[in-house]
Amino acid sequence: MHILVTGGAGYIGSHTCVELLNDGYEVIVVDNLSNSSEESLKRVETITGKQIDFHKVDLLDRESLNAVFNTTSIQAVIHFAGLKAVGESISIPLSYYHNNVTGTLILCEIMKSHNVKNMVFSSSATVYGEPKSVPIKEDFPVSAANPYGRSKLMIEDILRDLFVSDNRFNIALLRYFNPVGAHPGGSIGEDPNDIPNNLLPYISQVAVGKLPELSVFGGDYPTPDGTGIRDYIHVMDLAKGHIKALSKLESAPGIVTYNLGTGQGYSVLEMVEAFEKASGKKIPYKIIDRRQGDIAACYADPSLAKIELNWSAEQTMATFVRPPTGHGFFRNTKIRYSAGYIIS
Ligand code: NAD
Ligand code: WQD
């Protein structure tokens with residue numbers, strides 16, 4: 001079975017390619033490499049001993065994307081490609097809408113014209129906005145607080161409308177909580193170019209002395225220690241969720257929506273403490289004002305995915321913030337990983 005993976009060179013995409021190849025799928029990747037490098041795909045090939053059919057193509061380039069569909073018979077698309085930085089989306093909203101929404105429209109039009117009707121889409125827990133309670137279920141109201149989140153909501157709506165117009169489409173909307181970690185070999189992982197926006201990559205850069213200290217955004221939330229609570233889900237578990245979603249599409253379910261999270265929330269200070277224990281490094285931090293747009297607590301009720309996909313997260317915080325599991329050369333820098341995070 002041939003699967004087209006858009007954004008397959010990126011963080012979650014590359015880990016999903018590993019699982020796909022290990023499960024015997026043929027993998028075609030399109031990625032414009034705007035936030036990734038072809039090196040990650042080479043490493044996926046090394047990890048799996050299998051080949052990826054890679055095309056450096058931008059989803060906005062209709063002709064080149066169409067050419068990919070012309071040359072291969074594709075049975076399903078896993079659609080990761082998109083821009084994902086919340087703060088940046090506020091500064092350059094038009095680029096975000098154009099890239100994420102227009103890119104998806106073009107992809108869907110080409111899928112339709114080639115009679116490819118199965119799609120797994122990377123949505124996000126961000127579509128729940130400020131939830132009325134936790135844990136969050138799939139039928140909670142949706143809203144968005146920034147252009148990135150709105151682009152995800154718009155795409156969800158577009159895909160729902162697409163299904164209404166043609167019920168031969170089968171679409172899984174996967175709402176990820178907070179992806180963390182890396183393949184246990186340590187050769188692929190999260191590798192932000194700039195100062196990280198997300199908590200764990202930030203902590204890891206403090207651990208190696210690249211950044212002086214962590215700013216904890218808010219110590220006065222209505223949570224046990226006053227810091228924000230999130231549902232950190234290991235990227236290998238996420239990757240497996242995509243394989244389960246692909247299998248689900250084979251049973252022609254129509255459009256389905258699943259939370260991919262662990263169901264367990266941890267505070268910022270709990271994450272810092274766990275990282276310190278695992279790495280043996282002190283993580284200096286100071287508590288500063290809340291970050292605009294942040295919420296107190298966000299964690300999933302993942303029971304629907306358990307029931308309908310037979311998927312649940314296997315890794316816990318204890319396994320994804322653990323002592324080094326691998327060595328690797330990443331972007332020409334020799335680094336040591338703690339489950340994907342640089343610690344020395
Ligand atoms: P990533 O940036 O590592 O991967 C996205 C990939 O898409 C990159 O390789 C990038 O080069 C590519 N891309 C972007 N625009 C493209 C375009 N127009 N044409 C072709 N390729 C393009 O991000 P990720 O963390 O792997 O996220 C994957 C998906 O999951 C994204 O859609 C993201 O919004 C979503 N998501 C991510 C998180 C998270 O915290 N990482 C959480 C929820 C949802
Ligand atoms: C986690 C916790 C911060 C950094 C974001 C997107 C969301 C989704 C996942 C794509 C919060 C605190 C963080 C720091 C801190 N992405 N924090 N200091 O905000 O839950 O979700 O990534 O869909 O859309 O918004 O993740 O890792 O940024 O923050 O104190 O330097 O860590 O306040 O409580 P977030 P995060």
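Do you know which of the residues in the stretch 229-243 that are open to solvent by 10 Å² or more (accessible area, probe 1.4 Å) and over 15 Å from Gly181 (Cα atoms) is nearest to ligand 2 (Cβ to nearest atom)?
Across the stretch 229-243, the extreme among qualifying residues is Ile229.
Among the residues of the stretch 124-146 satisfying the criterion of being under 16 Å from Thr223 (Cβ atoms) and touching a Phe, Trp or Tyr at 6+ places or on another chain (Cβ under 7 Å), which is farthest from ligand 2 (Cβ to nearest atom)?
Looking only at the stretch 124-146, we keep the residues that are under 16 Å from Thr223 (Cβ atoms), and these are 130-131, 133-136.
Right, trim to touching a Phe, Trp or Tyr at 6+ places or on another chain (Cβ under 7 Å) and you get 131, 134-136.
Details: Pro131: 12, Val134: 13, Pro135: 15, Ile136: 12 Å.
Filtering the stretch 124-146 for residues that are under 16 Å from Thr223 (Cβ atoms) and touching a Phe, Trp or Tyr at 6+ places or on another chain (Cβ under 7 Å), the one farthest from ligand 2 (Cβ to nearest atom) comes out as Pro135.
Can you pull out every residue in the stretch 185-199 that is more than 13 Å from ligand 1 (Cβ to nearest atom) and buried (at least 16 other Cβ atoms within 10 Å of the Cβ)? So that I can check it myself, show each step before the final result.
So in the stretch 185-199, the residues more than 13 Å from ligand 1 (Cβ to nearest atom) come out as 185-187, 195.
The answer is Gly185, Gly186, Ser187.
Of the residues that make up the stretch 244-258, is at least one in contact (Cβ under 8 Å) with a residue 12 or more places away in the chain, open to solvent by 20 Å² or more (accessible area, probe 1.4 Å), closer than 29 Å to Glu276 by Cα and more than 11 Å from ligand 2 (Cβ to nearest atom)?
no
Does any residue of the stretch 91-101 turn out to be farther than 23 Å from His15 by Cβ, among the aliphatic types (A, V, I, L, M) and within 20 Å of the chain's Cα centre (by Cα)? First the steps, then the outcome.
At the first step, the residues of the stretch 91-101 found to be farther than 23 Å from His15 by Cβ are 91-98, 101.
Adding the requirement that they be among the aliphatic types (A, V, I, L, M) leaves 92, 94, 101.
Going one step further and asking which of them are within 20 Å of the chain's Cα centre (by Cα), we end up with 101.
Yes: one or more hits.
Looking at the stretch 200-212, which of the residues that are small (Gly, Ala, Ser) and either surrounded by fewer than 17 Cβ atoms within 10 Å (Cβ to Cβ) or within 23 Å of the chain's Cα centre (by Cα) (or both) is nearest to ligand 1 (Cβ to nearest atom)? Steps first, answer last, please.
Step one: of the stretch 200-212, the residues small (Gly, Ala, Ser) are 204, 207, 209.
Still in the running and either surrounded by fewer than 17 Cβ atoms within 10 Å (Cβ to Cβ) or within 23 Å of the chain's Cα centre (by Cα) (or both): 204, 209.
Numbers: Ser204: 15, Gly209: 24 Å.
Checking each candidate, the answer is Ser204.
So which of Lys117, Lys132 ends up being under 23 Å from Ile295 (Cα atoms), over 17 Å from the mean Cα position of the chain (by Cα) and of a type in the set (Lys, Arg)?
Working: Lys117 fails: under 23 Å from Ile295 (Cα atoms).
The conditions single out Lys132.
Look at the stretch 99-115 and say how many of its residues are farther than 17 Å from Thr72 by Cα, open to solvent by less than 30 Å² (accessible area, probe 1.4 Å) and touching a Leu at 6+ places or on another chain (Cβ under 9 Å).
Of the stretch 99-115, the ones farther than 17 Å from Thr72 by Cα are 99-106.
Still in the running and open to solvent by less than 30 Å² (accessible area, probe 1.4 Å): 100-101, 103-104, 106.
Next, from what is left, pick out any that are touching a Leu at 6+ places or on another chain (Cβ under 9 Å): 100, 103-104, 106.
Counting residues in the stretch 99-115 that are farther than 17 Å from Thr72 by Cα, open to solvent by less than 30 Å² (accessible area, probe 1.4 Å) and touching a Leu at 6+ places or on another chain (Cβ under 9 Å) gives 4.
May I ask you to list the residues in the stretch 116-151 that are over 25 Å from Leu60 (Cα atoms), among the aliphatic types (A, V, I, L, M) and either at pLDDT below 95 or open to solvent by less than 30 Å² (accessible area, probe 1.4 Å) (or both)?
The first filter runs over the stretch 116-151 and keeps only residues over 25 Å from Leu60 (Cα atoms), leaving 125, 128-143, 145.
Subsequent filtering for residues that are among the aliphatic types (A, V, I, L, M) retains 125, 134, 136, 142, 145.
Hits for the stretch 116-151 are Ala125, Ile136, Ala145.
Could we say that Leu174 is within 15 Å of ligand 1 (Cβ to nearest atom), within 20 Å of Thr102 (Cα to Cα) and assigned by TED's automatic domain parsing to the domain that holds Met111 here?
On the way: within 15 Å of ligand 1 (Cβ to nearest atom): yes; within 20 Å of Thr102 (Cα to Cα): yes; assigned by TED's automatic domain parsing to the domain that holds Met111: yes.
Answer is yes for this residue.
Taking the options Lys84, Lys132, name whichever one is of a type in the set (D, E, K, R) and within 15 Å of ligand 1 (Cβ to nearest atom).
Working: Lys132 fails: within 15 Å of ligand 1 (Cβ to nearest atom).
Result: Lys84 is the single residue among Lys84, Lys132 that is of a type in the set (D, E, K, R) and within 15 Å of ligand 1 (Cβ to nearest atom).
Pro196 is checked against (1) outside any strand (DSSP E or B); (2) closer than 30 Å to Ser73 by Cα and fails just one. What number does that condition carry?
(2)
Consider Ser215 carefully, then state whether it is among the small types (Gly, Ala, Ser), within 16 Å of ligand 1 (Cβ to nearest atom) and over 30 Å from Cys108 (Cβ atoms). Lay out the reasoning, then the answer.
Numbers: among the small types (Gly, Ala, Ser): yes; within 16 Å of ligand 1 (Cβ to nearest atom): no; over 30 Å from Cys108 (Cβ atoms): yes.
Judged against the criteria, Ser215 is not a match.
The values are calculated or read from the model by the stated rules, or taken from the named source; none is laboratory data. This structure is a prediction, so every number in the text was calculated from the model and none was measured. Heads up, the Cβs are rebuilt from the backbone with ideal geometry, glycines too, and the neighbour counts pull from every protein chain shown. For accessibility, only protein heavy atoms count, side chains too; no ligands or nucleic acids. Shrake-Rupley method; radii C 1.70, N 1.55, O 1.52, S 1.80 Å.
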